[in-house]
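Report on the structure given below.
The values are calculated or read from the model by the stated rules, or taken from the named source; none is laboratory data. On a predicted model such as this, the values are computed, not experimentally measured, just so you know. Cβ: placed from backbone, ideal geometry, glycine included. Neighbour counts: every protein chain shown. Heads up: the accessible areas ignore ligands, DNA and RNA and are worked out on the full protein's heavy atoms, side chains in. Shrake-Rupley method; radii C 1.70, N 1.55, O 1.52, S 1.80 Å.
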Amino acid sequence: MFKAIIESDKLKEMIEAVSSIVDEGKLNLSSDGISIKAVDPANVAMVSLNLNSDAFEEFNASEGELGVDLKRLGDIVDMAQKAEMVELELDEEQHKLIIRMSGLTYKIALLDPASIRKEPKIPQLELPATIVLSGNDLKRAVKAAEKVSDHMCMGVEGETFYLEAESDSDRMRLDIVKDQLVSIIPGDARSLFSLDYLSDMIKAAGKANEVTVELGRDFPTKINFQIANGNGDVSYLLAPRIESD
Amino acid sequence: MFKAIIESDKLKEMIEAVSSIVDEGKLNLSSDGISIKAVDPANVAMVSLNLNSDAFEEFNASEGELGVDLKRLGDIVDMAQKAEMVELELDEEQHKLIIRMSGLTYKIALLDPASIRKEPKIPQLELPATIVLSGNDLKRAVKAAEKVSDHMCMGVEGETFYLEAESDSDRMRLDIVKDQLVSIIPGDARSLFSLDYLSDMIKAAGKANEVTVELGRDFPTKINFQIANGNGDVSYLLAPRIESD
Amino acid sequence: MFKAIIESDKLKEMIEAVSSIVDEGKLNLSSDGISIKAVDPANVAMVSLNLNSDAFEEFNASEGELGVDLKRLGDIVDMAQKAEMVELELDEEQHKLIIRMSGLTYKIALLDPASIRKEPKIPQLELPATIVLSGNDLKRAVKAAEKVSDHMCMGVEGETFYLEAESDSDRMRLDIVKDQLVSIIPGDARSLFSLDYLSDMIKAAGKANEVTVELGRDFPTKINFQIANGNGDVSYLLAPRIESD
């Protein structure tokens, strides 16, 4: 059983955060809300998302999982206006998801959860450095790096969070000092990441007031932020690339 | 003889309404105004447009017809600013159309009316159901249907105007109840139409405050609306597609 | 030695004006400012630009020349916000250009000035007619002409500046009378130009309050305007095309 009502913007945030990693997702339902875990086809990026039942106007769900084509769902929810209520309901008999908004009803086929890539086991990492900054600042860094390369290094030097990108001929470096950050826990940290993935992640993260970036030396990075006015959270894990000197 | 002055926006409305069906049009001139009748190359959609002489600041025309490349004319009229006056004049000697606006003069070749597809005889249909709604609501329905299919069913159930689209796996239905309509004359009505044509028609119709949709069972639909502040009207006729079950 | 600070908008104006003619430019440095002279690969259009040291917040340069990839520099300066200060510095040892703005540092490779097309000798022309008009009006004329052709004639008739374009079937003519001009010195003038080049030039010139156009009969045109709030100027020279009758 699943029936829920939610503001369109919150639903869009959820879909955007996950569809930057995978096209098809398994929604885990419980009375507490919805959770999604997914890993991209290349095994480089993972996402773990929770949307609490408090994010919804109404939420009724028994334990279960729904296989959803996220691109299709996002495309449909785009029909909703800002702040419009969207109703989601499972049609168990026909195995379809019903989406309702102001007179408009969609019924879309669910995917067989068994056909969706297995949920990843998300590793517990203790990373030495933690930086909290505005999503917009992180977005600017990604855009600045894309001008010169397709990968970007993130690191910590003293109390400064730095981002670097380099091509054969050109270089960019962005220093974000403590004053411009929300907070920083310094630590030994410098790792290289693919800008392709960071660009996708920043679509959702760039809208958050605060984004937490955890870093180590040649280690994965964890990028966390809240959605749905604090009633949900997203955690990305991105594997590093090997830096050649 | 033909010489007329009209606000650019009204002229753009006329061109847009017809060029959604055909690229080349025959403008029938009389002292009452301009009328255009055209059918698309596939014989699926017809348009009949009247623009009264009252829509013009000045209008002088003797009986005649002008073959016009509507895309080219529209492209040129796009140079005019909002509410700018545009002057049209026939150069009979050179067989050209002169278009003037604030210092700028274009002279474009007219087409031989005999080279343009023959004007259709527009059938007189008595359709059982008539729905009047805002152009914007009809536009939303077309957009909603395009998410799942390339054709859309329009029908009446009681006093509700409904629109449906269906693919192998997905379905959308939009109910517009009496309260959300300007008016409805219920009747036995359900027909399937190509969204390609409806998308083109809705470009012009979507801007109208009121659009009248006439429907029957597996019958063509008539879509009417006013242009030029009520000094002109457009009528589309669109053939149904056969619904397979 | 070269180190300078300038508002991003002024730097963008400089880059845009030159990169409409060439992709790579040689910046001539002196204590007075920066000057650039370049000719396009087809030898049809030349640009001569001066940016005085007064256009800069700080300016320190010894005599020298820098070979710069203008597209790349423009792309990087696009990261700057409106009115943000941008610092340029020459790293003589590494032969790179350093670009700094609010925490962000780029280091881009300079080009060997010897690898850049030789600077043109800009001919001194005495042209009989001089028209001064708003950049926006000249831009409108170029857009209007593009509707019918890929070349445009500019000329003077009495105290009217006219622009004409013609295809096999269509014609456009724009008359800008004395009242609509800033000023005009009439003279024997009518020459034909490629719209490709004019479109590129108008990107920068179209933003200027006043553009000076000098014309003769089947002679090149000189198009001049100021940049950087009067602390710089751009001069284009465009060769005519032969008009066939």
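Annotations
- Number of residues in the range B:7-23 that are in contact with a strand residue (DSSP E or B) (Cβ under 6 Å, 6 or more places away or on another chain) and either assigned to a strand (DSSP E or B) or without any contact (Cβ under 8 Å) to a residue 24 or more places away in the chain (or both): the value is 0.
- Here the range B:49-60 is the region considered, the condition is being touching a residue at least 60 places away in the same chain (Cβ under 8 Å) and open to solvent by less than 20 Å² (accessible area, probe 1.4 Å), and the residue that is farthest from the chain's Cα centre (by Cα) is B:ALA55.
- The range B:91-112, subset surrounded by fewer than 18 Cβ atoms within 10 Å (Cβ to Cβ) and either in the same structural domain as B:ALA228 (by TED's automatic domain parsing) or assigned to a loop (DSSP other than H, G, I, E, B) (or both), residue modelled with the lowest pLDDT: B:SER102
- Just one of the listed residues (B:SER149, B:SER134, B:SER167) is closer than 29 Å to A:ASP91 by Cβ, in contact with an Asp or Glu (Cβ under 8 Å, 6 or more places away or on another chain), within 14 Å of another protein chain (Cβ to nearest Cβ) and small (Gly, Ala, Ser), namely B:SER149.
- Per-region count, the range C:1-54, residues in contact with a helix residue (DSSP H, G or I) (Cβ under 7 Å, 6 or more places away or on another chain) and basic (Lys, Arg): 3
- Subset of the range C:180-194 (residues that are among the hydrophobic types (A, V, I, L, M, F, W, C) and not in a loop (DSSP other than H, G, I, E, B)): C:ILE184, C:ILE185, C:ALA189, C:LEU192, C:PHE193
- If the condition is being more than 9 Å from chain A (Cβ to nearest Cβ) and open to solvent by 40 Å² or more (accessible area, probe 1.4 Å), then the range B:180-196 contributes B:VAL182, B:SER183, B:ILE185, B:PRO186, B:ASP188, B:ARG190, B:ASP196.
- Residue tally, condition of a type in the set (Asp, Glu) and within 12 Å of another protein chain (Cβ to nearest Cβ), over the range C:47-74: 1
- Unmet requirement for A:PRO123, which otherwise passes all of (1) more than 14 Å from chain B (Cβ to nearest Cβ); (2) under 22 Å from the mean Cα position of the chain (by Cα); (3) at pLDDT 95 or above: (3)
- Verdict on A:GLU58 being among the acidic types (Asp, Glu) and at pLDDT below 95: no
- Conditions (1) buried (at least 20 other Cβ atoms within 10 Å of the Cβ); (2) acidic (Asp, Glu); (3) over 16 Å from the mean Cα position of the chain (by Cα): number failed by B:GLU13: (3)
- Residue in the range A:75-90 that is within 12 Å of another protein chain (Cβ to nearest Cβ), open to solvent by 40 Å² or more (accessible area, probe 1.4 Å), charged (D, E, K, R) and part of a loop (DSSP other than H, G, I, E, B) present: yes
- The combined condition, being without any contact (Cβ under 8 Å) to a residue 24 or more places away in the chain and open to solvent by less than 30 Å² (accessible area, probe 1.4 Å), is fulfilled by C:ILE36.
- Taken together, the criteria exclude B:SER199 from residues that are modelled with pLDDT under 95, open to solvent by 20 Å² or more (accessible area, probe 1.4 Å), hydroxyl-bearing (Ser, Thr, Tyr) and out of contact with any Ser or Thr (no Cβ under 7 Å at 6 or more places or on another chain).
- Any hit, the range B:154-163, residues being within 14 Å of chain A (Cβ to nearest Cβ), in contact (Cβ under 8 Å) with a residue 60 or more places away in the chain and not hydroxyl-bearing (Ser, Thr, Tyr): no
- Candidates C:VAL77, C:VAL68, filtered to the one that is aliphatic (A, V, I, L, M) and within 19 Å of C:PRO120 (Cβ to Cβ): C:VAL68
- When A:LEU238 is tested against (1) open to solvent by less than 60 Å² (accessible area, probe 1.4 Å); (2) modelled with pLDDT of 95 or more; (3) over 18 Å from the mean Cα position of the chain (by Cα), only condition (3) is not met.
- Any hit, the range B:195-204, residues being in a helix (DSSP H, G or I) and β-branched (Val, Ile, Thr): yes
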